[in-house]
Structure formats: structure tokens, C-alpha cells
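To start, the structure itself, in C-alpha cells.
The values are calculated or read from the model by the stated rules, or taken from the named source; none is laboratory data. In this text the structure is predicted, and so the values were computed from the model without any measurement. Ideal geometry is used to build each Cβ from the backbone, glycine not excepted, and the neighbour counts take in all protein chains shown.
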Amino acid sequence: MRIVQLANFYTPVSGGLRTCVEQTGRGYIAAGHERVTLVPGTENRDITLPDGRHLTVRSPLLPGTGGYRVLTARRRVCELLDKVEPDVLEANDKLSIGWLAPWARSRGVPLVLVSHERINAILRTRVPRWFPLDSAAAAINRRLHRLVDHIVLTSSFSAAEFEVFGREKIHRVPLGVDLETFKPAHREPGPRLVTVSRLSTEKHPELSIEALRELRRRGVPATLDVIGTGPLQRRLARLAEDLPVRFLGHVAERTRLAELVATADISLSPSPAETFGLATLESLACGVPVVVPSKGAAGELILRPASGRVTDGTPKGLADGVEELLSEPPERRRSDARAVGEQFPWSATVDGLLEVFARATGRLRVP
């Protein structure tokens, strides 16, 4: 199959979405398929590398997002798709579905939406309180459900917004982790906490800082490393001026990222909007237990007793979760966390997606 992976919000400092596209794309090639990416950028480019053909379309910045760009040159995108002639079009965001669907339908190309966000969760901090967000999100999702051929969802939390419209198009495919890169390592003297997150409103990274403040107030001599960048970086630096917090910025090199995570004792993932929790899973694979809120999907990854704690998501709740985990034997924390990570290799994600594509193209006989 020739698979085109189309994505907005895809930049050199992107987080989980970029990781997912890159890891699954390599998996498609390893399985004998042809892989093409089509993403926004600063200029029009067409290059071929060992990991596939990469098409970039010059696109404008989306204000207030810290560098994200969005495909707006619809005619050029459709012309490129006509030249590539995909067997499957994998859309990794929801913004483009409205105008991609007519192109896909007219060419007989299956359109598969891989959902990386829940609209109501991602926008909750960006709209006024009076705005009917849930009903508006439901209307958008109903239309998306109608326009696409298949929808890939990574968690129960993610699936809930689409299953109400029917399950015949719905496929559950969890994301994965590179278990050779993200693995346990020697710990530094602690307790040391880490947060890996885009520093933006919907991720609520300030909660990790406030949780550290609460822990220090209780006499726990914890420190915090914040890995990631985003529009809230300066505000967070001011918030943490009186605390032992290191802002390490975006760490592009995956081996270095894994090393930084693996030396922590506990990982904080405070976002209530995660539809899977890729950074959470990477921490677990490193043998680092996680503290997460009950809202969102990250709690679905806490599959062993000492692998983490699900909390109310407040600074006090996060601090309680940290203290509970610190009371567990370190080796138990490490082994439980790693055991969870080992349940999610990228190979399983690739296999799941390829099965969806095979069904979409009629290349798999369905019982």
C-alpha cells in the first residue's frame, strides 16, 4: 500500500503527534509499504529519505500556538495527493477533514482519521465558561464521523466522543513506546521529579510546579525537571523562581530525552486532556512511575500497583500521589512501571493501523 500521513501541528518541537507519525511511518516501511508524509512548513519541499517521501507545503503560523502551522493551501495539497495517488489517506488531525473528505470520496481513497485530541478537552481552557462547548464538540464530531471512512482512537477516553454516533467505524489502537530507547537507568539522588509536556494552557504544566511547592512545604526535598517548550514558558519560569526547578526546553534527541526521564524517581503528567499519554508511557518504559489526574486517558496506563497513582489532579492531589509512590520500595516502582511499558511496543500499534488500512482498502477478508 501507498500510505499518505497528513498532519497539521507538525513541527521540529512537536511532541506526541510527531513521534507517532514518525514511529508508525517507519513501521509501515518495515512492513513493506510505501510511506509519504504531507505536513505544513515554512516552504514547499519534496524530499525522499530512507524513511519515506516527505512533502511540505508552505503554510501560515497559527497565532498563539508557539510555532504551529496549519495547511491552508487546499488546492496545492489536493494536487500533491493526485500526484502521489495514495491507497490510504491517514489524517492525523481534524481541521482538514472537511475539505479532504470530498477529495478522498471522489478518488475512491479511504480516509482514516487518527484522533490525537478530544475537542472539548483541548478547547476547555480557550473558550468562555458560558460557551456550550460539549454540544458544539458533539456537533463537530458527528460531522467528522459521517465524513471519514474509519476512525482510530487510542483510549477509552478518546473513543467516548465518537462511539455515541455508532461503533462500525471505530477502531481502538493504543500508541506505543520505543522500548530499546526508553528503558530504566541509574537514578540520581532524589527525590527527583520530571514533567515532559508542551508548555501550553491545555496541558496545565503549572500544576507540576505547584505540586512541587506543596511537597517542599511538607518537608519533602524534591526537585523538578520540566522538559518541553511552549507559549507558557516565561510565565512558568516566574512561577518557579523560588523553587528547585530546571527548565530544560525541548529535547529533540530521543536518546537524551530517555536518559533525562530515566534518572527521575517519579513523573508528573498533570494534563486532564490527554487522549493517550505518550509521555506517560515513555516514563513507564523507563521504569519511572507516574502521577496523573483522573480526567483524561493517562490513568488508563496505570496497570500495576506501584506503576503510578491516579489523583484528583490538584497540586495537593498530585503531591499526595508522589508521597504514596515514594513510600513504595524503589525496585517495585521500577519493575511495575517497566512491566506496563513493555505491554505497548510500537510494533503492536503499526499492526493495528495496518489492519485498519487493509479493511479500508478491501485487502483483508472480514469474517
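Could you please find all residues in the range 72-112 being aromatic (F, W, Y) and over 23 Å from L354 (Cα atoms)? Spell out how you get there, then give the answer.
So the first thing to find is which residues in the range 72-112 are aromatic (F, W, Y), and the list is 99, 103.
Residue satisfying the conditions is W99 alone.
Somewhere in the range 120-136, is a residue assigned to a loop (DSSP other than H, G, I, E, B), touching a residue at least 24 places away in the same chain (Cβ under 8 Å), of a type outside the set (S, T, Y) and closer than 20 Å to C20 by Cβ? Walk me through how you get there before you give the answer.
Step one: of the range 120-136, the residues assigned to a loop (DSSP other than H, G, I, E, B) are 124-132.
Still in the list and also touching a residue at least 24 places away in the same chain (Cβ under 8 Å): 124-126.
Remaining after also requiring of a type outside the set (S, T, Y): 124, 126.
Still in the list and also closer than 20 Å to C20 by Cβ: none.
There is no residue in the range 120-136 that is assigned to a loop (DSSP other than H, G, I, E, B), touching a residue at least 24 places away in the same chain (Cβ under 8 Å), of a type outside the set (S, T, Y) and closer than 20 Å to C20 by Cβ.
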Give the residue, chosen from L81, L113, that is more than 29 Å from G230 (Cβ to Cβ), in contact with a Lys or Arg (Cβ under 9 Å, 6 or more places away or on another chain) and either in contact (Cβ under 8 Å) with a residue 40 or more places away in the chain or part of a strand (DSSP E or B) (or both).
L81
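Could you pull out the residue among G313, G296, G321 that is assigned to a loop (DSSP other than H, G, I, E, B), buried (at least 24 other Cβ atoms within 10 Å of the Cβ) and either touching a residue at least 40 places away in the same chain (Cβ under 8 Å) or assigned by TED's automatic domain parsing to the domain that holds P221 (or both)?
Details: G313 fails: buried (at least 24 other Cβ atoms within 10 Å of the Cβ); G321 fails: assigned to a loop (DSSP other than H, G, I, E, B).
Sole residue among the options that is assigned to a loop (DSSP other than H, G, I, E, B), buried (at least 24 other Cβ atoms within 10 Å of the Cβ) and either touching a residue at least 40 places away in the same chain (Cβ under 8 Å) or assigned by TED's automatic domain parsing to the domain that holds P221 (or both): G296.
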Among residues of the range 144-180 being among the hydrophobic types (A, V, I, L, M, F, W, C) and assigned to a helix (DSSP H, G or I), the residue nearest to L268 (Cα to Cα) is F157
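So which of G41, G25 ends up being in contact with a strand residue (DSSP E or B) (Cβ under 7 Å, 6 or more places away or on another chain), closer than 29 Å to L248 by Cα, surrounded by fewer than 18 Cβ atoms within 10 Å (Cβ to Cβ) and of a type in the set (G, A, S)? Lay out the reasoning, then the answer.
Values: G25 fails: surrounded by fewer than 18 Cβ atoms within 10 Å (Cβ to Cβ).
Every option except G41 fails the conditions.
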For the range 181-215, what are the residues that are assigned by TED's automatic domain parsing to the domain that holds D312, within 15 Å of T19 (Cα to Cα) and in a loop (DSSP other than H, G, I, E, B)?
S197, R198
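Every residue in the range 184-209 that is among the β-branched types (V, I, T) and more than 16 Å from V288 (Cα to Cα), please. Break it down into steps so the answer makes sense when it comes.
Step one: list which residues in the range 184-209 are among the β-branched types (V, I, T), which gives 194-196, 201, 209.
Correct list: T201, I209.
Condition first: within 22 Å of W346 (Cβ to Cβ), touching a strand residue (DSSP E or B) at 6+ places or on another chain (Cβ under 7 Å) and surrounded by 18 or more Cβ atoms within 10 Å (Cβ to Cβ). Now tell me which residues in the range 155-176 satisfy that. Before you say what the answer is, go through the steps one by one.
Initial filter on the range 155-176 (within 22 Å of W346 (Cβ to Cβ)): 155-159, 170-176.
Narrowing further to those that are touching a strand residue (DSSP E or B) at 6+ places or on another chain (Cβ under 7 Å): 159, 170-173, 176.
Result: A159, H171, V173, G176.
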T280 passes all but one of (1) at pLDDT 95 or above; (2) of a type in the set (V, I, T); (3) over 15 Å from the mean Cα position of the chain (by Cα); which number fails?
(3)
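Would you point out which residue out of R256, R246, R234 is without any contact (Cβ under 8 Å) to a residue 60 or more places away in the chain and either farther than 27 Å from V177 by Cα or assigned by TED's automatic domain parsing to the domain that holds T11 (or both)?
Checking each option against the conditions leaves just R234.
Hey, could you check the range 71-116 for residues that are acidic (D, E) and at negative phi and say which is surrounded by the most Cβ atoms within 10 Å (Cβ to Cβ)? If you could, list the steps in order and put the result at the bottom.
Residues of the range 71-116 acidic (D, E): 79, 82, 85, 87, 90, 93.
Of the ones still in play, those that are also at negative phi are 79, 82, 87, 90, 93.
Numbers: E79: 11, D82: 11, D87: 16, E90: 29, D93: 19.
Going through the qualifying residues, I end up with E90.
Is it fair to say L95 is assigned to a loop (DSSP other than H, G, I, E, B) and over 20 Å from E168 (Cα atoms)? Break it down into steps so the answer makes sense when it comes.
Working: assigned to a loop (DSSP other than H, G, I, E, B): yes; over 20 Å from E168 (Cα atoms): yes.
Yes: the conditions hold for L95.
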Boolean, E274 is in the same structural domain as E214 (by TED's automatic domain parsing), among the charged types (D, E, K, R) and over 19 Å from G15 (Cα atoms):
no
Tell me, please, whether a residue that is in contact (Cβ under 8 Å) with a residue 60 or more places away in the chain and assigned by TED's automatic domain parsing to the domain that holds I97 can be found in the range 161-171.
yes
Restricting the first residue to the range 1-26 and requiring it to be among the acidic types (D, E), which pairs with a second residue that is surrounded by fewer than 19 Cβ atoms within 10 Å (Cβ to Cβ) meet a Cβ separation below 8 Å and a spacing of at least six or different chains?
E22/D51
Name the pairs: first residue in the range 39-56 and assigned by TED's automatic domain parsing to the domain that holds T11 and part of a strand (DSSP E or B), second residue of a type outside the set (V, I, T) and surrounded by fewer than 17 Cβ atoms within 10 Å (Cβ to Cβ), Cβ to Cβ under 7 Å, at least 6 apart or on different chains?
G41/R58; L55/D46; T56/E43; T56/N44; T56/R45
Test: residue in the range 277-286 that is of a type outside the set (S, T, N, Q) and assigned to a strand (DSSP E or B)
no
